[in-house]
Amino acid sequence: MAGSQSLGPMLNMRLVRPDLVIDITGISELQAIREDRDHVRIGACVTHADIEDGRVPDVTGGALPTVAHGIAYRAVRNRGTIGGSVTHADPSADWISILCALGAEVTLQSASGARRTLAVEDYMVGALEVDLEPDELLVEIAVPRLSGNARWGYHKLCRKTGEFAHAIGAVLSDPDRGVCRIVLGATETRPIVITDAIAMLRAADDGALQLDRDALDSHASQAGMDDPIDRQIHLAALRRAVDQANRA
Ligand SMILES: Cc1cc2nc3c(=O)[nH]c(=O)nc-3n(C[C@H](O)[C@H](O)[C@H](O)COP(=O)(O)OP(=O)(O)OC[C@H]3O[C@@H](n4cnc5c(N)ncnc54)[C@H](O)[C@@H]3O)c2cc1C
């Protein structure tokens, strides 16, 4: 148990019946925050509020604190952790989508001390399902440092502020690092992540990013988003994310 903001409700509804529950929030390594030249490394038990309040150095031009602020309400953010959110792997949750857009990686550590690192999009293998062995913990999330010219956008569609999303669009264009990524999140399963999106998100003569909607619609359809209305809603979220990136 980390913040228990997802496990708690599941216990309440008897959706899970563990024999033993261990609170991992007292493990100091999981609270650590480290910054190096290319990344900020966020301990799994760092809370949404820690990120919202700037206790984590923001190497993302505002993406991390902005997304943290949009998660639920303050009481949930005070307890809920970034590692718990990513491991719970709710497709509608915010961290999975923005971390995929930023190109973040998770580090997992087993009881024997062996470590492995995965891209966030590979860690989540399906709805409420991650690539985690029974003797492993998620220990840290490495978020790449964006260059000065990077532009990002994140938009979640939901009826009330702080709700889980019905659709998420996220984009990152960071030409100095050769990175261009698009994410369609809050799907029925893992997000659709386009890691080399340069052909679908081009800069026009005036510098504004432009989305190739037809190419994206076809990509989403091939990725399993069969319902055209669902695709329409996700593309609307993505268009707003691009608008946000263009305002930066
Ligand atoms: C009313 C409400 C509204 C919410 N709205 C939103 C929202 O709008 N957007 C959003 O993104 N989220 C939302 N959430 C979820 C919230 O962000 C949770 O904090 C998050 O999903 C889970 O984090 P946690 O630290 O509470 O994890 P926990 O509930 O403690 O754990 C979740 C799961 O992850 C496992 N786990 C936790 N940490 C680790 C680790 N380090 N290594 C391995 N396994 C681990 C646990 O065993 C458990 O299976 C909401 C929650 C509530 C209660």
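The values are calculated or read from the model by the stated rules, or taken from the named source; none is laboratory data. If you're wondering where the values come from, they're calculated on a predicted model, not measured in any experiment. With ideal geometry, Cβ positions are generated from the backbone for all residues, glycine too; neighbour counts draw on all protein chains shown. All accessible areas refer to the heavy atoms of the entire protein, side chains included, with ligands and DNA or RNA removed. Shrake-Rupley method; radii C 1.70, N 1.55, O 1.52, S 1.80 Å.
Hey, what do the phi angles of the stretch 101-115 turn into as Karplus ³J(HN,Hα) couplings, whole Hz, using 6.51/-1.76/1.60 and θ = phi - 60°, x for Gly and Pro?
Here the 3J(HN,Hα) series is 5, 7, x, 7, 10, 9, 10, 10, 10, 8, 4, 7, x, 5, 10 Hz.
Roughly how many nanometres apart are two label points built 7 Å out from the Cα toward the Cβ at GLN31 and GLU133?
Modelled inter-label distance: 2.9 nm.
Points 7 angstrom from Cα along the Cβ direction at GLN222 and ALA75: gap in nanometres?
A separation of 4.7 nm, rounded to one decimal place.
How far, in nm, would the chain grow between ALA248 and LEU20 when pulled straight, counting 0.36 nm per residue and subtracting the alpha carbon separation?
Contour length minus Cα-Cα distance gives 77.3 nm.
Averaged per residue, what accessible surface does the chain expose to a 1.4 Å probe, in Å²?
I get 49 Å² per residue for this part.
In square nanometres and to one decimal, what's the mean projected area of the convex hull around the Cα atoms of the stretch 118-169?
Mean projected area of the Cα convex hull: 5.6 nm².
For every other residue with a beta carbon closer than 13 angstrom to the beta carbon of GLU29, add +1 if it is Lys or Arg and -1 if Asp or Glu, then tell me the sum.
Net charge in that neighbourhood comes out at +2.
Over the chain, what is the relative contact order in whole percent, taking alpha-carbon pairs under 8 Å and six or more residues apart?
17 percent
When all alpha-carbon pairs of the chain are counted, what percent fall beyond 28 Å?
Value for the chain (Cα pairs over 28 Å): 29 percent.
Before anything else, pin down the relative contact order of the stretch 1-79: Cα pairs under 8 Å, at least 6 apart, normalised by residue count, whole percent.
Averaging sequence separation for qualifying contacts and normalising by length gives 26 percent for the stretch 1-79.
Multiplying the sequence separation of ARG240 and ALA203 by 0.36 nm and subtracting their Cα-Cα distance, what value in nm do you get?
Taking ARG240 through ALA203 to full extension adds about 11.7 nm, to one decimal.
Got the relative contact order for the stretch 146-248 handy, in percent, Cα pairs under 8 Å and 6 or more residues apart?
Across the stretch 146-248, relative contact order equals 32 percent.
FRET efficiency for MET10 and ASN149, Cβ-Cβ distance as r, R0 = 51 Å, nearest 0.05?
Once the sixth-power term is evaluated, E becomes 0.75.
Tell me the volume per residue, in Å³, of the convex hull enclosing the alpha carbons of the stretch 1-115.
120 Å³
What is the distance, in nm, between label points placed 7 Å from the Cα along the Cα-to-Cβ direction at LEU157 and at SER112?
Spacing of the two 7 Å Cα→Cβ label points: 4.7 nm.
Report, as a whole number in µm² per second, the diffusion coefficient that Stokes-Einstein gives for the stretch 147-217 at 25 °C and 0.890 mPa s using the Kirkwood radius over alpha carbon pairs.
186 µm²/s
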